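Bear in mind these aren't lab numbers, they're just calculated from the coordinates by the rules spelled out. Since we're looking at a predicted model, the values are computed, not measured. Here the Cβ positions follow ideal geometry from the backbone for every residue, glycine too, while neighbour counts run over all protein chains shown.
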Amino acid sequence: MIYPIVKFGDPVLEKPSATVTTFDDDLKRLVEDMFESMYAAHGVGLAAPQIGISKRIAVVDVTFKEDAGAKLVLINPEIILKEGRQRGTEGCLSIPEFREEVTRAKTVTVRAQDSNGKFFEHTGEDLLARAFLHETDHLIGKLYISHVSALKRDLIKRKIKKLVKAGEW
Ligand code: NI
């Protein structure tokens, strides 16, 4: 099932998500639906709050279907190591049409559980490191625009307000 993507302005995007404690078939189905919804929206990462579900679940595939082995399910993820620095443009499916330069760590290790509840660690570089940070931020109610200057952030928010008024958001 493809879920519609929740857009900026919905409070679900700015509150911390709940820890997942039950690893059952419903969870596995939700994870599959999240991949399907992410691909349908042409994204490389999606967090559950972005489909209106306030649970600590994210899916990532920075290869966008190129490599089936690159599909990552992050349940209750925690960033345990950050190294180096990278500067690059970042966007978010919940803030469509906007992109901003964001400085992030270059290498990131995440510790998370898979769909069966099994703990694992995964280290990513560059885009994958960025995705780990972006998606785990979502699960604490933080959006990438919190990492840009207040000036730029206000400008984006003003533009979105106009789009909302025009019925285009
Ligand atoms: Ni996002």
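Structure data summary
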| quantity | calculated |
| --- | --- |
| Gyration tensor verdict on region 39-97 (Cα atoms; rounded if a/c is under 1.5, prolate if a/b is larger than b/c, oblate otherwise) | rounded |
| Residue-count net charge about residue 140 - beta-carbon cut-off 13 Å; Lys, Arg +1, Asp, Glu -1 | 0 |
| Residue-count net charge about residue 80 - beta-carbon cut-off 10 Å; Lys, Arg +1, Asp, Glu -1 | 0 |
| Derived scalar couplings ³J(HN,Hα) [region 56-70; Karplus, 6.51 cos²θ - 1.76 cosθ + 1.60; whole Hz; x for Gly, Pro] | 7, 9, 9, 10, 9, 8, 6, 8, 6, 6, 5, 10, 4, x, 8 |
| Proximal charge balance of residue 48 [Cβ under 11 Å; K/R count +1, D/E count -1] | 0 |
| Point-to-point label distance, residue 42-residue 81, nm (Cα→Cβ direction, 7 Å offset) | 3.6 nm |
| Sparse-neighbour loop sites [GluC sites (Glu not before Pro); region 89-127; at most 13 other C-beta within 10 Å; DSSP] | 97 |
| Residue of 24, 33, 114 that the Gaussian network model of the chain assigns the largest fluctuation, springs spanning Cα pairs under 10 Å | 24 |
| Nonlocal amide H pairs with residue 18, under 5 Å, H built at 1.01 Å | 55, 56 |
| Cα shape, the chain, gyration tensor, a/c 1.5 rule | oblate |
| 3J(HN,Hα) from dihedral phi, region 123-137, Karplus parametrisation 6.51/-1.76/1.60, rounded to Hz, x for glycine, proline | 9, x, 10, 6, 4, 5, 4, 4, 5, 4, 5, 4, 6, 5, 4 |
| In order through region 99-111: 3J(HN,Hα) via Karplus (6.51 cos²θ - 1.76 cosθ + 1.60), integer Hz, x for Gly, Pro | 9, 9, 6, 9, 8, 9, 5, 7, 10, 9, 10, 10, 10 |
| FRET efficiency estimate (nearest 0.05) - Cβ-Cβ, residue 97 to residue 126, R0 30 angstrom | 0.80 |
| Nearest 10 degrees, 0 to 90: helix 25-40 Cα axis against the chain principal axis | 40 degrees |
| Contour minus Cα-Cα distance for residue 161 and residue 70 (0.36 nm per residue) | 29.1 nm |
